[in-house]
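Novice: Dropping a structure here in structure tokens format, bear with me for questions.
None of the figures in this text is laboratory data; all of them are computed from the coordinates on show. This one's a predicted model, so the numbers in the text were calculated from it and none came from an experiment. Positions of Cβ are generated from backbone atoms using ideal geometry, with glycine treated the same way; all protein chains shown enter the neighbour counts.
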Amino acid sequence: MILGALHDYYNRLRDSGDTEIAPPGWIRKPIDYVVYLTSDGQPYRLESRFELLNGKRKSGRAELLPNIGKQAQKHTNSGEDANLLWDNAAFALGFGKDGHKKLRSFASAIESWLPEREVGLNALRAFLQLHLDGKSGFGNIVTPVDSEALASGSPIVTFALVEDAGLLLCQRPEVLQAYKLAGCGKEVGPIGTCLLTGAEGLPIQTNETVIKGVWGAQSSGANIISFNKRSFESYGKTERGGENAPISTDASFAYTTALNFLLRDGSRSRTQIGDSTSVFWAARPTDLESAIPDLFGEPPKDDPDRGITAVKALYSAIDSGRLAGAEGSTRFFVLGLSPNAARVAIRFFHCLPLRELACRIRQHFDDLKVARAPHDAPYLSIFRLLVACAAQGKADNIPPNLGGSVVDAILAGPNTVYPAQLLNVAVNRCRAERAVNYPRAAVLKACLNRLIRQRSHEEEFKEMLDPNNTNAAYRLGRLFAVLEKIQEEAAGGHGKLNSTIRDRYYGAASSAPASVVPLLLKLKNHHVGKLDNRGKAMLYRAFQDSRPDDYIGTIIWGLKDIPSHLNLQQQGQFALGYYHQRQAFFTKTESNEPAQGAKL
């Protein structure tokens, strides 16, 4: 299913005339250096196509280059698997370890694939021979900066003739024709039936092209399909590579090229959440194909509102009825990938109509809605939620696998609970930092409501303060916020105290309220006595005089007892109640009644 969808996506791009996707037998690669040669093979000029930004090399534009095998993405350690007419500096120019051996392999690849006597190929042959003999004079056209870069052997190098005015050697019409004929005449591997297309009598790909762009995987690339132990192989196919999962060379090229295209640098179809790399594509072109990935990841610094714009576009598409027609029935695919040594692990895969996908994503953002300040972002990316729940607010401290599990839960449907670990880390961060901020409150509300939705006999938590919610833990959180507010008012207002009861007692109050709440209620009477404003003093009257028409009475009326212990879910309810009540205090209203919906 996954490989078939990628295969179809490749064909869709090719049929649409997309010039960014490589045709069979080619690969699109950024070039770092172009060596210009005279017709007799003398080096004339070295053109640098990359930029140095903050000490890092940023490659120039990508070019279509011949792809004669797996080495186009990843070399083996043999030093004898050169690419055709282009390669890194170790193969193309003989720099670095085993450079002489690799340079001979580069020359041999030309003789093997393109034995024709063509002007450009003859010039390159002459240059390579002179270079092997140490007589090319290549050093005369190399600056010290270029020499240092080439010495590593990693920059990608190709060649051109001076008289071709920028046309690469591999793009010359005569070379293109020769390469096309050479590909048709090459020996093929085993013949079999393709598991992907069902076609019979086709050459089978023995080694899958590596996949690049998965965060955390080997920089040289990794495989989705591979067999490196006898226990993984089919009977009678020991060490016979692709015959254990026979896929034709054309189909293998198509799905690996499509996946590498989705994972390429700068792709709008890829997003990174924790250790999970996700890619998105559709069966047919749609504007939401590039917008939906923006809903999950962190927006780029040069376009910080991209995620918000994408969410608004999603809501508009649903509300306008645009997805009720043919566009809404378009199949949409989401693939989650994670590194696993030399392989790429499939974390999740979802295939569903666009209208259903849009509704599930919208439900996720609806679940996250909680009272906030006007300057807070109305929609939070998954990355921002996870960072808010990570130790020290660092992305490196996001628990492994959590990001992918959250995306999987979102796409699985509105009745699917978020991973239990998400609620756990949100509650633990609130306790560790003694602070319930906007992103954590959004996580708590979403997790709790999805748990409630499964039971279906409880009322879900609202976006703002809900005075009618009778949940004991929620009310205790509200009570704690009121007690903190009284302490602040007694000291002259918010920010006058170095520490409040929240800094000293939040952890105990949220996990074992019976041990501290009675003490805080007694302490409250002392704080009320210090209030100069008698109206506020009446509003925060003593516990034994509480009635349903004052703050404390409104909260504790009907509360039978104070629990001795709150479990993880109840601690989340406590934190949400505290956050809602604190938000309500900072909303301006015309009455002295508890207010709703502002930011601390």
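Novice: Can you tell me the relative contact order of region 130-246? Whole percent, Cα pairs under 8 Å, sequence separation 6 or more.
Specialist: Details: 91 pairs, mean separation 16.7, N = 117.
With pairs under 8 Å counted, the relative contact order is 14 percent.
Novice: Another question about this same structure. Could you give the length gained on full extension between Ala199 and Ala420, defined as 0.36 nm per residue of separation minus the Cα-Cα distance, in nm? Let's see the in-between values first.
Specialist: Details: separation 221, 0.36 × 221 = 79.56 nm, distance 4.51 nm.
Full extension from Ala199 to Ala420 adds 75.1 nm.
Novice: Take every Cα pair under 8 Å in region 299-352 that's 6+ residues apart, average their separations, divide by the length, and report that relative contact order as a whole percent. Kindly include the intermediate steps, with their values, before the conclusion.
Specialist: Numbers: 39 pairs, mean separation 12.0, N = 54.
Relative contact order for region 299-352 comes out at 22 percent.
Novice: Pull out the extension gain between Leu167 and Asn11, defined as 0.36 nm times the separation in residues minus the alpha carbon to alpha carbon distance; nm, one decimal. Walk me through the numbers before you get to the answer.
Specialist: Working: separation 156, 0.36 × 156 = 56.16 nm, distance 2.78 nm.
Result: 53.4 nm gained on full extension.
Novice: To the nearest 10 degrees, how steeply does helix 501-511 sit against the main Cα axis of the chain, on a 0 to 90 scale?
Specialist: The angle comes out at about 80 degrees.
Novice: With an 8 Å Cα cut-off and a minimum separation of 6 or more residues, compute the relative contact order for the chain in percent. Numbers along the way, then the final one.
Specialist: Working: 1031 pairs, mean separation 58.7, N = 600.
For the chain, the relative contact order is 10 percent.
Novice: What order do you get for His131, His494, His457, His565 when you list them from fewest to most C-beta neighbours inside 10 Å? Kindly include the intermediate steps, with their values, before the conclusion.
Specialist: Details: His131 22, His494 14, His457 5, His565 11.
Taking fewest neighbouring Cβ atoms as first place, the list is His457, His565, His494, His131.
Novice: Give the angle, between 0 and 90 degrees and rounded to the nearest 10, that separates the Cα long axis of helix 306-319 from the longest principal axis of the Cα atoms of the chain.
Specialist: Taking Cα atoms only, the helix is inclined about 80 degrees.
Novice: On to the next question. Quick check: net charge around Gly79, other residues with Cβ under 11 Å of its Cβ, Lys/Arg +1 and Asp/Glu -1? Mind dumping the intermediate values first?
Specialist: Working: positive: Lys97, Lys101, Lys102, Arg104; negative: Glu80, Asp81, Asp98.
Every neighbour counted, the sum reads +1.
Novice: Another one. Given charges of +1 on the Cβ of Lys and Arg and -1 on the Cβ of Asp and Glu, with all other atoms neutral, how large is the dipole of the chain about its Cα centre, in debye to the nearest 20?
Specialist: Around 2000 debye, computed over the chain.
Novice: Within region 239-298, report the GluC sites (Glu not before Pro) that DSSP leaves as loop and that have at most 16 other Cβ atoms within 10 Å.
Specialist: Filter output for region 239-298: Glu239.
Novice: Further, regarding this structure: Could you tell me the number of lysine pairs in region 58-214 with C-alpha atoms less than 19 Å from each other, where the two lysines are 8 or more residues apart or belong to different chains?
Specialist: 11
Novice: By count of other Cβ within 10 Å, fewest leading, how are Leu64, Leu323 ordered? Present the calculation step by step, with values, prior to reporting the outcome.
Specialist: Values: Leu64 17, Leu323 23.
By the 10 Å Cβ count, ascending, the order reads Leu64, Leu323.
Novice: Give me the aspartates and glutamates in straight-line cross-link reach of Lys237: C-alpha distance below 17 Å, same-chain residues under 8 apart excluded.
Specialist: Glu208
Novice: Once Lys and Arg get +1 and Asp and Glu get -1 on their Cβ, which of Ala149, Leu130, Phe586 lies farthest toward the positive end of the dipole of the chain?
Specialist: Toward the positive end, the furthest listed residue is Phe586.
Novice: Quick one: order Thr554, Thr209 by neighbouring beta-carbon count within 10 Å, fewest to most.
Specialist: Thr554, Thr209
Novice: When the chain is fully extended, how far beyond the present Cα-Cα distance does Ser320 get from Phe232, taking 0.36 nm per residue of separation? Kindly include the intermediate steps, with their values, before the conclusion.
Specialist: Values: separation 88, 0.36 × 88 = 31.68 nm, distance 5.10 nm.
That pair, Ser320 and Phe232, stretches by 26.6 nm at full extension.
Novice: Students often forget the sequence filter, so: which lysines lie under 28 Å Cα-Cα from Lys462 once same-chain residues fewer than 8 apart are removed?
Specialist: List returned: Lys312, Lys369, Lys445, Lys485, Lys536, Lys560, Lys588, Lys599.
Novice: If you don't mind, another one. Taking K and R as +1 and D and E as -1, what net charge do the other residues with C-beta under 13 Å from the C-beta of Glu116 add up to? Could you put the intermediate results ahead of the total?
Specialist: Numbers: positive: Arg117, Arg125, Arg172, Lys180; negative: Glu111, Glu118, Glu174.
For residues surrounding Glu116, the net value is +1.
Novice: In degrees from 0 to 90, rounded to the nearest 10, what is the angle of the helix 2-15 Cα long axis to the longest principal axis of the chain?
Specialist: The angle comes out near 60 degrees.
Novice: Among Pro399, Thr249, Asn207, whose Cα projects farthest towards the positive end of the dipole of the chain, with charges put on the beta-carbon of Lys, Arg (+1) and Asp, Glu (-1)?
Specialist: Pro399
Novice: Given region 297-412, what whole percent of its Cα pairs are spread farther than 23 Å? The partial results should precede the final answer.
Specialist: Numbers: 2646 of 6670 pairs.
The share of Cα pairs beyond 23 Å in region 297-412 comes to 40 percent.
Novice: Are there any trypsin sites (Lys or Arg not before Pro) in region 186-232 that are in a DSSP loop and have at most 13 other Cβ atoms within 10 Å? List them by number. Please list the in-between numbers first.
Specialist: Numbers: sites: Lys186, Lys212, Lys229, Arg230; in loops: Lys186, Lys212, Lys229.
Filter output for region 186-232: Lys186, Lys229.
Novice: Got a sec? Which residues in region 309-337 would a label at Ile2 touch, if it sits 7 Å along Cα→Cβ and we count backbone N under 11 Å?
Specialist: Only 335-337 pass the distance filter.
Novice: Suppose each label sits 7 Å from its Cα in the direction of the beta carbon; what would the Asp503-Ala151 distance come out to in nanometres?
Specialist: Distance between the two pseudo-spin positions: 5.6 nm.
Novice: Related question: Which of the aspartates and glutamates could a cross-linker bridge to Lys496, judged by Cα under 20 Å and excluding same-chain residues fewer than eight apart?
Specialist: The reachable aspartates and glutamates, counting only those whose Cα sits under 20 Å from Lys496, are Glu433, Glu484, Glu488, Asp532.
Novice: Do any GluC sites (Glu not before Pro) in region 121-201 lie in a DSSP loop with no more than 13 other beta carbon atoms within 10 Å, and if so, which?
Specialist: Numbers: sites: Glu148, Glu163, Glu174, Glu187, Glu200; in loops: Glu187, Glu200.
Qualifying residues, ordered by number: Glu187, Glu200.
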